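Working notes, structure below.
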Amino acid sequence: MSDTSNPQPSNVIEVRDLVTHYGPREILHGINVDIVEGEIMVIMGGSGSGKSTFLRHLMALQPPTSGTIKILDEDVWNLSQKELFALRKKLGVAFQGGALFSSMTVGENIMLPLHEHTKLDRLTMEIMARMKLEVVDLSGFEDLMPSELSGGMIKRAAVARAIVMDPRILFFDEPSAGLDPVVSKQLDELILRLRDAMGMTICVVTHELESAFTIADRITVLDQGNILFVGSVEELKKHPSERIQNLLNRRSEEAEIDADEYLRRLTGDKEEAEGMPR
Amino acid sequence: MEISISEQNGVQVASVTGEVDLSTSPQVREALLKELGMGKGVIVDLSGVAYIDSSGVASLVEAFQTAKSKGQGFALAQVSETPMRVLKLARLDQVFVIYETVDEAVNALA
């Protein structure tokens, strides 16, 4: 059945026959997968399954031995350096450990991509950074140093930096690792909000089954460098493969807003803010 | 992206069409800040905006705060679904004054 008024979403990533080696050792053995616009694709697999290597390919950070990777219709490893640079501006990455620069404030960390890639007015950048901190529930933390944040806060600050350029595709590497269940659930909710509000395509590598089942539209399971499964959460749960079943058998209140105070916070209007109760 | 300015009952109406992104938001910012020097206030008609990114929203935030500091009115009108989702993500739908139509906004600000 076709419905011309409601066209199928397009693929934003297409991987074909991807083979990768580390030295003589083959890590990925001919991977084929598509990631569709606006979906949350979770990549799972045990240690050594090749998922971190696969993620680096999807982020256009590592060339394969053979095969092709198309991101946003661009054949990544046939691009010029300039074209590759332009493509990477459309990708956001929240690294496992946050990867914030310890010598810079949280706000400076978040504005870094804007300084690198745009010529926006300084105040515009500051407002953008504060908006992203609001999105990740870290409002007012822009002047702190990363060392003053908890593990969960660092992860959220890293997300704020990853989304400051409004990327088309957002990658998360083990977002829940090292977080308590409540903070982990908040991060899952954030990932869903970002997809729904911004229409981002989101690709998440995780070990956490509960998180994967909460956020995934589809899951890719990697096993020893091969794709074992690609499909929905329900399809995964019902899958007859013993390897998959072996893999399977192992919260946030929105605060009320003071509109004037929020606006001052975003614009950094310290003059008007003076004398205001905190 | 295009921005056209008209005047209704002493209120400046900025009609924005197209996509407001990193490359076009500086034009929106400049135009809005310029119009804030004139008339009773500024209404931004967003009915023709298919996409607005964070830099565009940041320009609206800066213009709103500038209007408040000058004692002028500032409102958004006809915010279509996609821009509204972006405003809601940062809870800015609770900050901006938003009207369903330009006429309603003009009546409120004039």
For region A:78-101, which positions are open to solvent by less than 90 Å² (accessible area, probe 1.4 Å), more than 18 Å from A:Arg168 (Cα to Cα) and modelled with pLDDT of 90 or more?
A:Leu79, A:Ser80
Name the single residue, out of those in region A:120-131 being at the interface with another protein chain (Cβ under 7 Å from one of its Cβ atoms) and closer than 28 Å to A:Lys185 by Cα, that is farthest from the chain's Cα centre (by Cα).
A:Ile127
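Take the residues in region B:31-72 that are of a type in the set (Asp, Glu) and more than 9 Å from chain A (Cβ to nearest Cβ), then tell me which one is nearest to the chain's Cα centre (by Cα).
B:Asp45
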Kindly indicate whether A:Arg265 is more than 30 Å from A:Leu72 (Cα to Cα), in a helix (DSSP H, G or I) and either within 14 Å of another protein chain (Cβ to nearest Cβ) or in contact with a Gly (Cβ under 7 Å, 6 or more places away or on another chain) (or both).
yes
Per the list (1) at pLDDT below 85; (2) in contact with a helix residue (DSSP H, G or I) (Cβ under 7 Å, 6 or more places away or on another chain); (3) open to solvent by 10 Å² or more (accessible area, probe 1.4 Å), residue check on A:Asp258 breaks on (2)
Evaluate the following for A:Lys237: is it modelled with pLDDT under 85 and surrounded by fewer than 19 Cβ atoms within 10 Å (Cβ to Cβ)?
no
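The values are calculated or read from the model by the stated rules, or taken from the named source; none is laboratory data. Because the structure is a prediction, the values reported are computed rather than measured. Cβ sites come from the backbone with ideal geometry, for glycine too, and all protein chains shown count toward neighbours. We work out accessible area using only protein heavy atoms, side chains counted, and drop any ligands, DNA or RNA first. Shrake-Rupley method; radii C 1.70, N 1.55, O 1.52, S 1.80 Å.
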